[in-house]
Amino acid sequence: MAEVTFRIERFNPETDSEPHWEDYTFEPKPGSTLLDCMNHIKWYMDGTLTYRMSCRSAICGSCAMKVNGGGQLVCNAQLDDHLGCHVEDDRLITVEPLGTFPVIKDLVTDFTPFWERMHAVEPYVKGTDYEDGDKETRMSPDDFSKIDPASTCIACGACYSECVSFDMDKKFLGPAALAKAQRIVHDTRDHETQERVERLSEEGGMWDCSHCFACVQACPKPVKPLYRILELRREADKLGVHDNNGSRHARAFVDIIEESGWLDEAKLPLKSVGSLQEIMTDLVPMGIKMWLKNKYRPNPFHLLPGMHHPEVPKMNEVTKIIEKTKHSHQK
Ligand code: FES
């Protein structure tokens, strides 16, 4: 096999003021995983390189790092699948620590923020009572299938590395913690579903995900956190937990399109916030700023009750899609 260069971000807080790149060029064995290559570098080229690994079987979740710009487990990633990503050199692989968490050394990051969020969702079944001396509280295969994907999370943190919302807002619980929350919310043995869904609907919860899908791409398991977050939102809708901006925003989206087929961006924020105070303190100043920068030119008449854009052509098709979607959500 031809030579490959691993360009690895290095940082030693005891000696470096800034992270820097170091290159390691060698000829890997055919069929190597990325972790095999990292181990080759550490064992035969530079023993100071620091990273986490344990099981080498995609089970322990410790070897997640950023490869060619994306978070993933290196133990179940084939080297061959990662060649050809860099235009300047198709035999180059770049490796960085996971994004968003503070770096301790080289590729080892501080997972404290991750575990704080996991603990915050209380990821354990509560309130189960054991009747008639039963030792088990059983669950049907159908019920288990609802929590099966989230149960496969190995807490590797790759999803946080890519999460745009977590990057912008550290109050956000984030993808893995919300997936874990869905796993408990839909666990038929748990007796606190309503309370959990109410708490998860607060600021930093299920409604603060911005649907960038990056977690779905980064997740090495079938968890696919965004889909679990959408399941939480459907549960919130089913349980009538609507008194929050996220839920109002989702419902306003549908209502506005139902009126004329257009998504009237001027009405959306007005219908999403819960109080006049929020309109005055948050929306009006932002609207004026956007108006002045020519980023927002709503027709003020469309804001009046009963006034909206002229209907889109084939409005009946739009109505059919909305009805079908509503119907499938009620199932
Ligand atoms: S070493 Fe355990 S998941 Fe990669």
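The values are calculated or read from the model by the stated rules, or taken from the named source; none is laboratory data. The model shown is predicted, which means the values in this text are computed figures rather than measured ones. Don't worry about glycine lacking a Cβ; one is built from the backbone with ideal geometry, like all the others, and counts go over all protein chains shown. To get the accessible areas, we keep the full protein, side chains included, count just its heavy atoms, and leave off ligands, DNA and RNA. Shrake-Rupley method; radii C 1.70, N 1.55, O 1.52, S 1.80 Å.
In the chain, helical runs assigned H by DSSP with n ≥ 4 each contribute -39500 (n - 2.57); averaged across all residues and rounded to the nearest 500, the mean residue ellipticity at 222 nm is -10500 deg cm²/dmol. Around the Cα centre of the chain, unit charges on the Cβ atoms of Lys, Arg, Asp and Glu (plus for the first two, minus for the last two) sum to a dipole of about 740 debye. Computed from the alpha carbon atoms alone, the convex hull of the chain holds 220 Å³ per residue. Rounded, prolate or oblate: which fits region 4-109, taking a ≥ b ≥ c as square roots of the Cα gyration tensor eigenvalues, rounded meaning a/c under 1.5, else prolate when a/b beats b/c? Judged from the Cα gyration tensor, region 4-109 comes out rounded (a/c under 1.5).
The length gained by stretching the chain between GLU22 and GLU198 to full extension, at 0.36 nm per residue less their Cα-Cα distance, is 58.5 nm.
Normalising the average separation of contacting C-alpha pairs (under 8 angstrom, six or more residues apart) by the number of residues puts the relative contact order of region 184-304 at 17 percent. In the full protein context, region 124-234 carries 50 Å² of accessible surface per residue, based on a 1.4 Å probe and ignoring ligands, DNA and RNA.
Within the same chain, lysines fewer than 8 places from LYS29 are excluded, and of the rest, those with a Cα less than 30 Å from its Cα are LYS42, LYS66, LYS105, LYS221. Farthest towards the positive end of the charge dipole of region 4-109, among the residues SER57, GLN78, VAL67, is the Cα of SER57, using unit charges on the Cβ of Lys, Arg, Asp and Glu.
Along the charge dipole of the chain, Cβ charges K/R +1 and D/E -1, which of CYS153, ILE322, MET290 sits furthest on the positive end? Value: ILE322.
With both labels modelled 7 Å from their Cα along Cα-to-Cβ, the ASN76 to GLU14 distance reads 3.5 nm. Surface composition of the chain: carbon and sulfur make up 54 percent of the accessible area, probe 1.4 Å. A straight chain from MET168 to VAL284 at 0.36 nm per residue would run longer than the Cα-Cα distance by 39.5 nm.
Estimated at 0.36 nm per residue, the fully extended path between LEU230 and MET139 surpasses their Cα-Cα distance by 30.5 nm. Quick one, could you list the DSSP H helices from the chain stretching 27 Å or more along their long axis (Cα atoms) with average Kyte-Doolittle hydropathy of 1.6 or above? None pass (Cα extent of 27 Å or more, hydropathy at least 1.6). Straight-line cross-link reach from LYS295 at under 24 Å between alpha-carbon atoms covers these lysines, not counting any fewer than eight positions away in the same chain: LYS267, LYS271. In the complete set of protein chains, residue-level accessible area for TRP21 is approximately 120 Å², probe 1.4 angstrom. What is the spin-label model distance, in nm, from ALA266 to ILE59 if the labels are put 7 Å beyond Cα along the C-beta direction? Label-label distance for ALA266 and ILE59, simple model: 6.1 nm.
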